[in-house]
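Derivation of every value follows stated rules applied to the coordinates shown; laboratory data play no part. Keep in mind that what you see is a predicted model, and the values were worked out from it rather than measured. Note: ideal-geometry Cβ built from the backbone for every residue, glycine included; neighbour counts use all protein chains shown.
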Amino acid sequence: MRRFARAELTEEMKRTASVDPDIAYAVASVYALEDDLGQAFEWLQRSVALGNENRFLFEHDRNLAALRGDVRFGDVIRSNPSG
């Protein structure tokens, strides 16, 4: 399943994700599942910068579990206007 999700990360999708907070979040989720934490945090931060304020989802989505033990996760939560 993960392999198929990673295959969907085309350049066209990333261009769209760069301006859409929900798609940026989806990209972050794929990278988190693949244990590519650097890319996951980059896309999660982009999602927040684009207006994603769903802190509950950030804290409870199983797809982001690999990120929660990293200090950068707290930075993302603090940068969230609703956080």
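Remarks
- Binning the alpha carbon pair distances of the range 2-67 at 5 angstrom intervals from zero yields the distribution 4, 21, 30, 28, 14, 3, expressed in whole percent.
- Shown here for the chain: GluC sites (Glu not before Pro) in loop regions (DSSP other than H, G, I, E, B) with at most 13 other Cβ atoms within 10 Å, namely Glu8.
- C-alpha long axis of helix 37-49 to longest principal axis of the chain, angle in °: 60
- About its Cα centre, the dipole of the chain is roughly 120 debye, where the only charges are +1 on Lys and Arg Cβ and -1 on Asp and Glu Cβ.
- Degrees between helix 21-33 axis and first principal axis of the chain (Cα, 0 to 90, nearest 10): 80
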